[in-house]
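Undergrad: Before I ask anything, let me first share the structure, which is written out below as structure tokens.
The values are calculated or read from the model by the stated rules, or taken from the named source; none is laboratory data. What you are looking at is a predicted structure, and each value in this text was computed from that prediction instead of being measured. All Cβ positions, even for glycine, are placed from backbone atoms using ideal geometry, and neighbour counts span all protein chains on display.
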Amino acid sequence: MQVINIHDAKTQFSKLVEAVSQGDEIVIARAGKPAARLVPINAKKTVRQPGALKGKLQIADDFDAPLPSDIQSAFEGD
């Protein structure tokens, strides 16, 4: 773990992000005291499973039926 002051962190931000993306952790200090920690994001890749919601969703038989005329006119501004 590397400790770096805020001024250096500002001037070397791209380099620090690259180091963090390689797995390093960096502590950013203000006046010699730790103020923040820069750590890599561990992105979890979720595996999509087709049919996972089967039986959990219900679609009404008339979901694609035309809207009543008053609601349709409200959308169309008539």
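Undergrad: Take residue 55 and decide whether it is at pLDDT 90 or above, under 32 Å from the mean Cα position of the chain (by Cα) and on the phi > 0 side of the Ramachandran plot. First the steps, then the outcome.
TA: Values: at pLDDT 90 or above: yes; under 32 Å from the mean Cα position of the chain (by Cα): yes; on the phi > 0 side of the Ramachandran plot: yes.
Yes, satisfied.
Undergrad: Now a separate question. Give 60, 9 a once-over and let me know the one that is surrounded by 10 or more Cβ atoms within 10 Å (Cβ to Cβ), hydrophobic (A, V, I, L, M, F, W, C) and either touching a strand residue (DSSP E or B) at 6+ places or on another chain (Cβ under 8 Å) or free of Cβ contacts under 8 Å to residues at least 12 places away in the same chain (or both).
TA: Details: 60 fails: surrounded by 10 or more Cβ atoms within 10 Å (Cβ to Cβ).
It is 9.
Undergrad: Return the residue satisfying two criteria in turn: it lies in segment 4-31 and is outside any helix (DSSP H, G or I) and among the small types (Gly, Ala, Ser), and of such residues it is nearest to residue 42 (Cα to Cα). Walk me through it before giving the result.
TA: Keep residues of segment 4-31 that are outside any helix (DSSP H, G or I), which gives 4-5, 12, 22-31.
Next cut, among the small types (Gly, Ala, Ser) only: 23, 29, 31.
Values: 23: 10, 29: 23, 31: 30 Å.
Out of the qualifying residues, it is 23.
Undergrad: If you don't mind, there's one more thing I want to ask. Test each condition in (1) exposed (fewer than 10 other Cβ atoms within 10 Å of the Cβ); (2) outside any loop (DSSP other than H, G, I, E, B) for residue 35 and report the one that comes out false.
TA: Residue 35 satisfies every listed condition except (1).
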